[in-house]
Each structure stands twice: as structure tokens, then as C-alpha cells.
1. Determine the pairs where a residue that is charged (D, E, K, R), located within segment 190-212, has a partner that is modelled with pLDDT of 90 or more and part of a helix (DSSP H, G or I) with Cβ atoms under 6 Å apart, the partner being 6 or more residues away or on another chain.
2. State all residues of segment 63-119 that are closer than 21 Å to W24 by Cβ and assigned to a loop (DSSP other than H, G, I, E, B); if no residue qualifies, say none.
3. Looking only at segment 79-98, which residues are surrounded by 13 or more Cβ atoms within 10 Å (Cβ to Cβ) and closer than 17 Å to V5 by Cβ?
4. Would you kindly identify the helices (runs of 4 or more DSSP H) lying entirely within segment 147-261 that contain at least 1 residues that are small (G, A, S) and surrounded by 11 or more Cβ atoms within 10 Å (Cβ to Cβ)?
5. Hey, could you check segment 126-146 for residues that are loosely packed, with under 15 Cβ neighbours inside 10 Å and touching an Asp or Glu at 6+ places or on another chain (Cβ under 9 Å) and say which is modelled with the lowest pLDDT?
6. Across segment 50-62, what is the total count of residues that are more than 15 Å from R126 (Cβ to Cβ) and part of a loop (DSSP other than H, G, I, E, B)?
Amino acid sequence: MYSVVAYQVASAINIKSSKQGLPWQLLFHDSDELYYTSSPQKFIYIFQYGMVSFFNMPKLEIEMALQHIQPFCVNYFKQKLSDSVAVVVEPNTLKVEFNSVVLPSFDEEMIRLVMLNASQSVALNRYSEITEELLVETNKHTLYLEQKGKLDISGNKLKRFIGKVLNIKNRISENLYIFDSPEITWENEQLNKLNLDLKKAFDLKDRYRLIHDRIEIIKENLELFKDIMDHKESSKLEWIIIILIVIEVIDLFIAKLINLI
């Protein structure tokens, strides 16, 4: 029995620099991913969005590998989210179950698919935590609005909050291709079946939709907050104009009185 262990190690990993600086044998690469073998039957999969997955590597080797990867990380995490899945090789059998996968042979592309889906599962866990925190924060503002009839957030803070939500939405869309099948599955029926079964076992699509729905709810609330704030600023501007007009009328009235005297 083998194991795949996936870690969220950083906010991002510089793929170009990693490719130039890491010592292992490169099996596959593109602008977002690096797939290595560190020794026979041991693999390391690195993703631009801060994920690293290991196959058939003991804890000490994983720690040593992470030391190699750390210099290429942006915002390296001391506390890392992780998940693992057992991999069994059994001739003529392809089966995906909860926390385990049975492969018909020791195939590096099948193993790569398991590592890919395990990594995306951990990434979804992290984005789920982030969006839940954002939703809780948004609900605090809506509750205050309900109770007090006004917002408890300034215009500058609201803009920064909106920017934060949009950045998270963009990162999820750019980095998690939950609904896309990797190129290696396009012409191989067995790889395609494995990929679909893994997505189903990890519940990737439903979890992705939940995160997406949370972001849409947050965006709707923030747009409402922005409309309320714009109306408030518009009303304030209208009052300033009215006051200036009144002052000008009074000043004109006083000037006429002085002239009459």
C-alpha cells in the first residue's frame, strides 16, 4: 500500500524559479504545475497556488523536500492544511473509494491524477475556510444594518473588503479547474474514468459550488452596502449644496440690506 499526502504550504509557489532550482527529475510541467520523481516510485507534484503533493514518501523525506521548496514560496505557512489518500495496486482493478484508490498498475499518470485531485481537495478546504470567515464578517455588517439602520463600515474599508473578495474569487477561478479534465485524460478512457471517479469521491464539484455560492452571496451584500454608502454620500453632497445656496442667499440678502441703509 502507498499513500498520497497533499499539503497547502503557501499562498503561491513560483513555478518558473522552482523548475530552475529544484533537484528532482522533471516528468511534466506547464506554467502552473511541476511533476517530479525524486527516486524510483516516489513522486512530488507542485502547484502554483501553493499546493504540494507527495506519493510514497515518508515524513522525513517530505520535510526535506519542503525545505527545498520553501525558498520559492510566497507566504509560507507554518500551519499547513493537509489530506491523505491510500493507493493500492491490484491487477485488473480500478476502483475509487472513500480515502482509498485501487489502481490496476503502478502507472505514473494515474498516480498523478490521484495527487492532482487530492491537492484540489485540500485547496477547496482552505478556500472553504476563507469564504466562511468572509461570510461571517459580512453577516455581522448585515446584522448591524438590521438593528441600527446604518452601516458600521467606512467607505475605505468597504472597498478593501470588496477587493479581498474579488481577489479570492479570481484565485479560485484561475487555479482550481474542477470542471476541466486534464489533457492526459482526453484520449485515454481509463484515465478519464479515474479522474471522474476521483472528483466524485472527493466531492469536488459540490464543494466548489458551495464556495462559489458563498462568494456570490457576499458579493450581493457588498453591492448593497456600496449602494447604501453611495446614497449616503449623495445625500450628504445634496445637503452641502443646499447649505451653500442658503448661505449665498443670506449673504445676498444682507448685502442688499446694507446697501439700503
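The values are calculated or read from the model by the stated rules, or taken from the named source; none is laboratory data. All of these numbers come straight from a predicted model, not from anything done at the bench. Methodologically, a virtual Cβ is constructed for each residue, glycine included, from the backbone with ideal geometry; neighbour enumeration extends over all protein chains shown.
1. R207/L124
2. F106, D107 - these are the residues of segment 63-119 that are closer than 21 Å to W24 by Cβ and assigned to a loop (DSSP other than H, G, I, E, B).
3. Residues of segment 79-98 surrounded by 13 or more Cβ atoms within 10 Å (Cβ to Cβ): 80-89, 94-96.
Passing the criteria: K80, L81, S82, D83, S84, V85, A86, V87, V88.
4. Working: elements: 155-175, 189-201, 204-260.
Result: 155-175, 189-201.
5. My answer is Y144.
6. Qualifying residue count, segment 50-62: 3.
Conditions (1) more than 21 Å from N188 (Cβ to Cβ); (2) aliphatic (A, V, I, L, M), marked per residue:
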| site | (1), (2) |
| --- | --- |
| F54 | yes, no |
| L66 | yes, yes |
| V87 | no, yes |
| S100 | yes, no |
| P104 | no, no |
